[in-house]
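Take a look at the structure set out below.
The values are calculated or read from the model by the stated rules, or taken from the named source; none is laboratory data. As the structure is a prediction and not an experimental result, all values here were calculated from the model. Here the Cβ positions follow ideal geometry from the backbone for every residue, glycine too, while neighbour counts run over all protein chains shown. Side chains included, ligands, DNA and RNA excluded: accessible areas come from the protein's heavy atoms. Shrake-Rupley method; radii C 1.70, N 1.55, O 1.52, S 1.80 Å.
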Amino acid sequence: MPLPYVLLSAAVSLDGYLDDTGPERLLLSSPADFDRVDAVRASVDAILVGAGTIRADNPRLLVNSAERRAARTAAGRPEYPLKVTVTASGDLDPAARFWHTGGEKLVYTTDRGAERAARLLGRTADVVPLGPALDWRALLAHLHDERGVGRLMVEGGGTVHTQLLHHGLADELHLVLAPLFVGDPAAPRLFGPGGYQAGRLRLLDTRRIEDVVLMRYAPTAPGTGPLPVAADRHWLRTACELAALCPPSRTAFSVGAVVVAADGTELARGHSREGTDPVVHAEEAALAKTDPADPRLAGATVYSSLEPCARRASRPAPCAELILRAGVRRVVTAWREPDTFVAGADGTGVLRAGGAEVVVLPELEDLAKAPNAHLL
């Protein structure tokens, strides 16, 4: 189930509070950073905020630069990104500026909230019920499949940010740190309590913007079951990029693999025909670099651009068996092995029979196939 790339954007004070709300609102970002946010808005397909943010801040959520809007239309895109909000109750103010500026508007709500939202808004926005409760995966899938959203910018509030991180659905966090202390215990915080993914986030970039600092982070911890998280897509994309490093072959696939611990620590990586071994497979190469006694392997995930092999002639044990022997019980792959070299290959079946979870992300299949185009 392909989902949009989700980017969370927020500004916080030194003591960890979001922008203050109310008529005399404390603005944490600088003018130059507001322009950066405008550029990010212009780059995405949709912008999402919670209904609480609409009630508290009454935002317009526009692309303010006329040049950026012109560039969007010249590229065949709408002048403004789709504006999206989420509400369980359907309690929305039809007079809010959100509804009367910019382009199309979309409301996601519950079955109970849909009737109320539709009554309040009329034709101002499309209202989409998601069932008895809000389902973030269903929401993102609908945005991707029905509205063509590839990149989604989420501007708050704290509850929305918290829920997306809890579910492992945020691909990237843009955090601006302002040189201010709010000191108000009633002010909203960026994130609430709850169960977050394990491990440290990966720092992608830092940038000084006047007197604030922008920090870009991405999650690293793999998922723990059949549902993929944002970090799974990152690591599988890395495996697919490793496949491009393989020496070309007419008799074997080019495959990349990465072994990642539960806390997001990369344990090893490898690719087919790595080094001086002309027949080594990617998973085999990666696992050979790990310590068999490493207790982290039991909770690790193996990312392989191609389904691990179930049978092979060049080695006594296929890669699916090597993964099980290593104690790994979760595998994420982009592409099921075709019959090009082995008829009826079913590494997934071997892995599942051995108690491993196998997750397939078909949205990355084309990337996995790219270095193998000459074989297909």
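Report, by residue number, each residue of segment 93-104 that is within 17 Å of VAL160 (Cβ to Cβ) and either in a helix (DSSP H, G or I) or at pLDDT below 95 (or both).
PHE98
Okay, residues lined up against (1) open to solvent by 40 Å² or more (accessible area, probe 1.4 Å); (2) modelled with pLDDT of 95 or more:
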{"site": "LEU7", "(1), (2)": "no, yes"}
{"site": "GLY22", "(1), (2)": "no, no"}
{"site": "ARG25", "(1), (2)": "yes, no"}
{"site": "ASP33", "(1), (2)": "no, no"}
{"site": "LEU48", "(1), (2)": "no, yes"}
{"site": "ALA56", "(1), (2)": "yes, no"}
{"site": "VAL63", "(1), (2)": "no, yes"}
{"site": "GLU67", "(1), (2)": "yes, yes"}
{"site": "LEU106", "(1), (2)": "no, yes"}
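Checking the structure you have, find out if any residue of segment 248-263 is hydroxyl-bearing (Ser, Thr, Tyr) and in contact with a helix residue (DSSP H, G or I) (Cβ under 8 Å, 6 or more places away or on another chain).
Yes, there is a match, as at least one residue in segment 248-263 is hydroxyl-bearing (Ser, Thr, Tyr) and in contact with a helix residue (DSSP H, G or I) (Cβ under 8 Å, 6 or more places away or on another chain).
Which of the residues that make up segment 113-136 are among the charged types (D, E, K, R) and surrounded by fewer than 15 Cβ atoms within 10 Å (Cβ to Cβ)?
Matches in segment 113-136: GLU115, ARG119, ARG123.
Given segment 306-376, what helices (runs of 4 or more DSSP H) lie entirely inside it while holding 1 or more residues that are in contact (Cβ under 8 Å) with a residue 40 or more places away in the chain and open to solvent by 20 Å² or more (accessible area, probe 1.4 Å)?
So the answer is 347-353, 365-369.
Would you be able to say whether some residue in segment 119-142 is assigned to a helix (DSSP H, G or I), on the phi > 0 side of the Ramachandran plot and touching a residue at least 24 places away in the same chain (Cβ under 8 Å)?
yes
Looking at PRO228, PRO219, PRO188, can you tell me which residue is more than 12 Å from the chain's Cα centre (by Cα) and either of a type in the set (Ser, Thr, Tyr) or open to solvent by 10 Å² or more (accessible area, probe 1.4 Å) (or both)?
Answer to the check: PRO188.
Evaluate the following for ARG208: is it farther than 24 Å from VAL360 by Cα, without any contact (Cβ under 8 Å) to a residue 24 or more places away in the chain and either in a loop (DSSP other than H, G, I, E, B) or more than 18 Å from the chain's Cα centre (by Cα) (or both)?
yes
State which residue is surrounded by the most Cβ atoms within 10 Å (Cβ to Cβ) when the search covers only segment 231-251 and only residues that are among the hydrophobic types (A, V, I, L, M, F, W, C) and out of contact with any Lys or Arg (no Cβ under 7 Å at 6 or more places or on another chain).
Among residues in segment 231-251 that are among the hydrophobic types (A, V, I, L, M, F, W, C) and out of contact with any Lys or Arg (no Cβ under 7 Å at 6 or more places or on another chain), the one surrounded by the most Cβ atoms within 10 Å (Cβ to Cβ) is ALA239.
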